[in-house]
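Worksheet: the structure to be examined is printed underneath.
Just so you know, all these numbers are worked out from the coordinates, no wet-lab data involved. Note that the coordinates shown come from a computational prediction; the quantities given were computed from them, not determined experimentally. Positions of Cβ are generated from backbone atoms using ideal geometry, with glycine treated the same way; all protein chains shown enter the neighbour counts.
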Amino acid sequence: MAELDRVVKPKTKRAKRFLEKREPKLNENVKNAMLIKGGNANATITQVLRDVYALKKPYSVLYKKKNITRPFEDQTSLEFFSKKSDCSLFMFGCHNKKRPNNLIVGRMYDYHVLDMIELGIEKFVSLKDIKNSKCPEGTKPMLIFAGDAFDVSEDYRRLKSLLIDFFRGPTVPNIRLAGLEYVLHFTALDGKIYFRTYKLLLKKSGCRTPRIELEEMGPSLDLIMRRTYLASDDLYKLSMKLPKALKPKKKKNISHDTFGATYGRIHMQKQDLSKLQTRKMKGLKKRPAEKLTDNQENKPKKMKRRKIDSI
Amino acid sequence: MEARSAEELLARAERAEAEKLRLITVHKDLELEFDLGNLLATDRNPPTGLRQRSGPGLEAQLRGLARDNVQLLINQLWQLPSERVEEAVVARLPEPSLRLPREKPLPKPRPLTRWQQFAQLKGIRPRKKTSLVWDEASKQWRRRWGYQRARDDTKEWLIEVPGGADPDEDQFAKRLQAKKERVARNELNRLRNIARAHKVQLPSQGGMHPTGYQSRAELGKAMQVAKVSTASVGRFQERLPKEKPPRGPGKKRQFQPNIGDFAAEKKSQLELIRVMNSKKPRMDVTRATNKQMREEDREEAAKKRKVAKGRGGKRKGRPLGPGGKGKGGPPGPGGKRKGRPPGLGGKKGQRQGGKRRK
């Protein structure tokens, strides 16, 4: 309860709830995205931002007015917006002669810019240009990344992580199988990234798993990567830190070997082997006469045996 | 013969199975990597199949690639354990395996408050209280505190004067005062707990709260702090006849012990001799740059003054012309000082002034 740590306590329950929602937690909220237009945004950029807003509803904010800032030079304005609207993802669109149809995608850590990647839009087909039925807002999309370029360079790897972060949506424990409606497919080929959105059609197949047919639905973009502003390694490491409470708990006494066999360890108390429950052979049972003579012999010997046992 | 028919049966069964799965099998050179918690699939195969570079052919090929990938992902998802929740089939997703950076830093653990420490020490556990209490006066269940509470002190119209108290004292006012004091004390304790949590040193915690048993040093410190806490920061405070002026928080000199680290001492002395012997003078970069910047500032200021004087003298009756606008124009980027615009403007102004005079 960090709002009780403030010098000025919140006076209403509503204010308290507002502050509680924004404070750092172990399990975080879904990241909100803010979509901002630059001072010289053109129709293409505006439509792109509108389409992304439609995809990311209700976890996004679309700013209607133009904001004259340059994210790569001065990040204070973006950080101020992020603090006011509690958004940790942003998309900034602008257009000029040197960088036509420019889109800057980025994320924040602790209200400071963590990563920013500038993408240029070469071709854009909007949601409204493709005339078919769309899926309801708020559905969780499936994400597919194709192409080996996404692993080769650090820039592409961060771009992949950033895009997953951006489009992922809330993390859910269960998902309704009929509710898997659309998929975002990113292909990296020849320095270009093809972003396509398809609607899923489940067809009958011979078995339980359906056959998939795709129908182009939503915004499709051809992107090229321009500038990047990536966080330093230690800041990135800090932002990825897992709290101890969320680390996967190790089960004790279970180990795996290289071939995948699981070994368990059982700890037993010390057993008295003379009193073990074994199979009884009636023929070997001691007769009463033999028992008596044994006792007379064994008494002095018993003391010796005990000593050995104790060592 | 039986063996052959058995073989045939098996072969037929296999073919039937393959037929069934034909529609949903996809062949890939490299297996995809799945992160089902995020509904994510990564295809590492190089997209060499995409031969077209533009146009509808490319779209069709992209769509084919996407279809294959999505089919594989769906196959994986359909293999998850599923259950039925209110007439919908729901699959249980595993934890997302891809780690993404957090948006806010980890919450810091807060130190225990004074009461919590005491309770832990004594083993006191919070007792759950009922939310409603029986109120005798109104014969109904009322809440324990808040609006229309059970035993409301403030609503009493009669307070008996207690045995040893002054009969002229206002008991109602006394009650109000007691409540104000309690509220103030609670607020003070809350702020002290916050200060302790943030490890902020409060002046009262530095030994300057009146206990009656303060040492000479503590009293001295309290007196010094009181002296400086005026509007003029202690400049015009009177002093007693034989009182010495306060020493002030000057820089404390640090002395190395006489017999300390011999190796370090030897090293520092050798370094000193080396510096004294060297022909090149040592340069302190920060001081040099500061000096340079100050000189530049001075030159600029001097130039500005000259231009202002020159312009003021030559253009007495004229309103602010284009030269004035040039000076009042864009002040230039941020903190970097570039002496160019005033200089240029100044020169132009002087020349124009000269022409006009003619």
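So the values come out like this:
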item: Restraint check, A:LYS37/A:LYS83; A:LYS11/B:LYS122; A:LYS123/A:LYS160; A:LYS9/B:LYS128; A:LYS25/A:LYS241; A:LYS244/B:LYS104, Cα-Cα greater than 23 Å; result: A:LYS11/B:LYS122; A:LYS9/B:LYS128
item: Distance between modelled label sites at B:SER97 and A:ARG14, nm, 7 Å Cα→Cβ extension; result: 4.7
item: Overall form of the stretch A:29-231 per C-alpha gyration tensor (a/c, 1.5; a/b vs b/c); result: prolate
item: Ranked A:ILE254, A:ILE104, criterion: other C-beta atoms within 10 Å, fewest first; result: A:ILE254, A:ILE104
item: The stretch B:50-147: C-alpha gyration tensor shape, a/c 1.5 cut-off, then a/b vs b/c; result: prolate
item: Average partner coverage of A:213-223, which counts Cβ from other chains inside 10 Å; result: 2
item: Three-way shape label, the protein assembly as shown, alpha-carbon gyration tensor, a/c 1.5; result: oblate
item: Anchor B:LYS306: lysines whose Cα lies under 22 Å away (excluding residues fewer than 8 positions away in-chain); result: B:LYS314, B:LYS316, B:LYS325, B:LYS327, B:LYS338, B:LYS347, B:LYS348, B:LYS355, B:LYS358
item: Farthest positive-ward along the protein assembly as shown dipole, Cα basis, beta-carbon charges - from A:MET268, A:ALA43, B:ASN186; result: B:ASN186
item: Residues B:ALA173 and A:ARG227, FRET efficiency given R0 of 51 Å [Cβ-Cβ distance, rounded to 0.05]; result: 0.10
item: Partner lysines for A:LYS286 [C-alpha distance under 28 Å; skip if fewer than 8 residues away on the same chain]; result: A:LYS270, A:LYS275, A:LYS299, A:LYS301, A:LYS302, A:LYS304, A:LYS307
item: Residue-averaged beta-carbon neighbours from other chains (10 angstrom radius) around A:194-206; result: 3
item: Ranked by how many other beta carbons lie within 10 Å on average, peptides A:237-244, A:153-160 from highest; result: A:153-160, A:237-244
item: Peptide A:179-192 - average C-beta neighbours from other chains (10 Å radius); result: 4
item: Two-site FRET efficiency, A:THR293 against A:LEU242, from Cβ-Cβ distance with R₀ of 60 Å, rounded to 0.05; result: 0.25
item: B:ARG196 versus A:ILE266: modelled label distance in nm, points set 7 Å from Cα along the beta carbon direction; result: 5.1
item: Angle between chain A longest axis and helix A:76-85 axis [Cα atoms, degrees, rounded to 10]; result: 70
item: By average C-beta atoms within 10 angstrom, highest first, the peptides B:278-285, A:5-12; result: A:5-12, B:278-285
item: Of A:LYS282, A:LYS64, A:LYS270, the one that fluctuates the most in a GNM where chain A has Cα springs shorter than 10 Å; result: A:LYS282
item: FRET efficiency, 1/(1 + (r/R0)^6) with R0 56 Å, evaluated for A:LYS131 and A:ARG70 via beta carbons; result: 0.90
item: Estimated inter-spin distance, B:LYS309 and A:ASN27, nm [label 7 Å along Cα→Cβ]; result: 7.6
item: Partner aspartates and glutamates for A:LYS16 [C-alpha distance under 20 Å; skip if fewer than 8 residues away on the same chain]; result: A:GLU3, A:ASP5, A:GLU28, A:ASP86, B:GLU187
item: For the stretch A:118-151 versus the stretch B:110-129, the gap between their alpha-carbon centres in whole angstrom; result: 54
item: For the protein assembly as shown, calculated [θ]222 nm from helices alone, where every DSSP H run of n ≥ 4 adds -39500 (n - 2.57); result: -12000 deg cm²/dmol
item: Ranked packing of B:192-198, A:246-252, A:111-117, most packed first, by mean Cβ within 10 Å; result: A:111-117, B:192-198, A:246-252
